[in-house]
Amino acid sequence: MPGQTGSVAYDSEAKQSIEFDLAFDRRTEVTGPMVLKLWVCAKDTDDLDLFAAVRKFDRHGQEVFFCGKD
């Protein structure tokens, strides 16, 4: 949630990844461009790759696809 801080860590050599979920408790419209702000630290290296995606799921857990998606 906006304004909250935290930290996560994982072992990239073990092919792990991290996912976050946010469920809205009421009808919500997302309009305009999205911005993701991250502060990251790569322990014991000076290189890292980040990938971010926003996906929508309906109330039954089925992914909702939009026109223009790959």
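Things worth noting here:
- Net charge dipole size for the chain [Lys, Arg +1 and Asp, Glu -1 on Cβ; Debye, nearest 20]: 480 debye
- Whole-Hz ³J(HN,Hα) from phi, Karplus 6.51 cos²θ - 1.76 cosθ + 1.60, for the stretch 10-20, glycine and proline x: 7, 9, 5, 5, 8, 6, 8, 9, 10, 10, 10
- Around L38: net Lys/Arg minus Asp/Glu count, Cβ-Cβ under 15 Å: -1
- Think of the stretch 1-47 as a dipole: +1 on every Lys or Arg Cβ, -1 on every Asp or Glu Cβ, centred on the Cα centre; then among V8, F20, M34, M34 lies furthest on the positive end.
- Taking the alpha carbon gyration tensor of the stretch 31-70, multiplying each eigenvalue by 5 and rooting it gives semi-axes of 30, 13, 11 Å, largest first.
- Under conditions of 4 °C and 1.567 mPa s, the chain yields 83 µm² s⁻¹ as its translational diffusion coefficient, taking Rh as the Kirkwood radius over Cα pairs in the Stokes-Einstein equation.
- Computed over protein heavy atoms with a 1.4 Å probe, the accessible surface of the chain works out to 115 Å² per residue.
The values are calculated or read from the model by the stated rules, or taken from the named source; none is laboratory data. These figures come from a predicted structure and were not determined experimentally. For neighbour counting, all protein chains shown are included, and Cβ atoms are generated from backbone atoms with ideal geometry for every residue, glycine included. Just so you know, the surface numbers come from the protein's heavy atoms only, side chains and all, with ligands and any DNA or RNA stripped out. Shrake-Rupley method; radii C 1.70, N 1.55, O 1.52, S 1.80 Å.
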